1. So which trypsin sites (Lys or Arg not before Pro) in region 12-69 are both in a DSSP loop and have at most 13 other Cβ atoms within 10 Å of their Cβ?
2. Ratio of alpha-carbon Rg to the 2.2 N^0.38 Å globular estimate for the chain, to two decimals, please.
3. Return the carbon/sulfur percentage of the accessible area of the chain, one whole number, probe 1.4 Å, all protein chains in place.
4. Once the Cβ-Cβ distance between Ser85 and Glu50 is put in as r, and R0 is 30 Å, what FRET efficiency do you end up with, to the nearest 0.05?
5. Please give the length that would be gained between Ala60 and Leu43 if that part of the chain were fully extended, namely 0.36 nm times their separation in residues minus their C-alpha to C-alpha distance (nm, one decimal).
6. Computed FRET efficiency, Cβ-Cβ of Ala67 and Met1, R0 25 Å: what is it to the nearest 0.05?
7. How long are the semi-axes of the ellipsoid equivalent to region 16-64, from square roots of 5 times the Cα gyration tensor eigenvalues, in whole Å, largest first?
8. With every protein chain kept in place and ligands, DNA and RNA left out, what is the accessible area per residue of the chain? Probe 1.4 Å, answer in Å².
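The values are calculated or read from the model by the stated rules, or taken from the named source; none is laboratory data. Remember, it's a predicted structure, so these values are computed and weren't measured experimentally. With ideal geometry, Cβ positions are generated from the backbone for all residues, glycine too; neighbour counts draw on all protein chains shown. Side chains included, ligands, DNA and RNA excluded: accessible areas come from the protein's heavy atoms. Shrake-Rupley method; radii C 1.70, N 1.55, O 1.52, S 1.80 Å.
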Amino acid sequence: MLKISEGKPSKQTLTLRLEGSIVGPWVVELRQICEPLVNNGRLLALDLAEVSFADEGGLALLVGLRARGTKLLNQTPFVAEQLKSA
């Protein structure tokens, strides 16, 4: 399960707080939320402090979003290590 909520409000950057695992259908859900924002030029940050795991699809999505300017904040050591391997 993945919970997605809006983080600290900012005029420039929208921060989404993620809690849980970025796996399976939750990858699709996250993509459907993030892609339109990034495509419209919105500055996006994902707070990953409460993310415990990401599967291959979740990692690919995070890496792709990061390559397009999304900030990945507060990565747990496990998720940070997963991203290095992706």
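1. Those that pass, being in a loop and sparsely packed, are Arg68.
2. Compactness ratio reported: 0.97.
3. Percent of accessible area from carbon and sulfur atoms in the chain: 54.
4. 0.90
5. 4.2 nm
6. Efficiency for this residue pair is about 0.40.
7. Equivalent-ellipsoid dimensions as semi-axes: 18, 12, 9 Å.
8. I get 59 Å² per residue for this part.
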